[in-house]
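The values are calculated or read from the model by the stated rules, or taken from the named source; none is laboratory data. Since this is a predicted model, take the numbers as computed values, not measurements. For neighbour counting, all protein chains shown are included, and Cβ atoms are generated from backbone atoms with ideal geometry for every residue, glycine included. Please note that ligands, DNA and RNA were not included when accessible areas were found on the heavy atoms of the full protein model with its side chains. Shrake-Rupley method; radii C 1.70, N 1.55, O 1.52, S 1.80 Å.
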Amino acid sequence: MASIAAQLLHTGRISLDIGATDKNEAILEVAGIIKGDADVLDFGCFCRELLARDEMRSTAAGFGVAFPHARTDAVREIVVAAGRSAAGVRFGEELVHFIFVIGTPREKANEYLVAVGTLARLLRKEKTRAALAAAATPEEFISVLSG
C-alpha cells in the first residue's frame with residue numbers, strides 16, 4: 001500500500017529544505033520542483049489551480065502535513081512533489097512541516113484518491129513523520145514512504 005505513494009515520488013521531486021515561510025510561497029516553491037516535468041503541460045495554470053484550491057479550503061490535513069492539490073487539465077499524469085520545512089509554514093492555524101503538492105488529470109480521480117489516502121495514513125504516524133524529518137537524502141525520504 002505504501003509503495004503507491006512512494007512510486008509517485010522521485011528523488012528529483014523532493015526538497016528537504018524549503019525556504020519559504022508564507023503558505024502560498026511554500027506551495028509555489030514545492031510546485032516549482034516539477035516545473036520542467038514532462039507530465040506538467042501548463043505550469044502557470046497548475047499553480048493558479050493549486051492556490052485557488054487552497055484558498056477555497058485549507059489543504060492542511062493535521063499532523064503538520066498539507067496536501068495542496070489540483071484536479072486539472074494542466075497535467076498529463078499524476079505528479080507529486082514534496083517539500084520539508086524544519087521551521088514550519090503556517091497554513092491558517094496549523095504549522096506545516098511537510099508539503100505534498102499533487103496534480104492529477106481530471107480523469108484519474110480514483111488513482112488520486114488512493115495516492116492521497118495512502119500518504120495521509122502513513123503521515124498520521126508519529127514514527128513516519130519523525131523518520132521523514134530525520135531523512136538526510138531524498139532517497140531516505142522515499143524509503144520511509146515505501147515502508
Sparse-neighbourhood loop hits (GluC sites (Glu not before Pro), region 1-86; DSSP loop; Cβ within 10 Å at most 16 others) -> Glu77
Hey, got a sec? Which trypsin sites (Lys or Arg not before Pro) in region 68-147 land in a DSSP loop and have at most 11 other Cβ atoms within 10 Å? Lys125
Given the chain, what percent of its DSSP beta bridges are antiparallel, to the nearest 5? 65 percent
Taking a crude spin-label model, label points 7 Å out from Cα along the C-beta direction, the Glu140 to Asp73 distance in nm is 4.4 nm
If you take every DSSP beta bridge whose two residues both sit in region 64-116, what share of them, in percent to the nearest 5, is antiparallel? 65 percent
What helices in the chain pass both tests, a Cα length along the helix axis of 27 Å or more and a mean Kyte hydropathy of -1.0 or higher, using whole DSSP H runs? none
For His10, His97, His69, give the ranking by accessible area with the largest first, probe 1.4 Å. His10, His97, His69
Cut-off 10 angstrom, C-alpha nodes, Gaussian network model of the chain. Which of Ala74, Ala66, Ala135 fluctuates the most? Ala135
Give the aspartates and glutamates whose C-alpha is closer than 17 Å to that of Lys108, dropping any in the same chain fewer than 8 places away, or say none. Asp39, Glu49, Asp73, Glu77
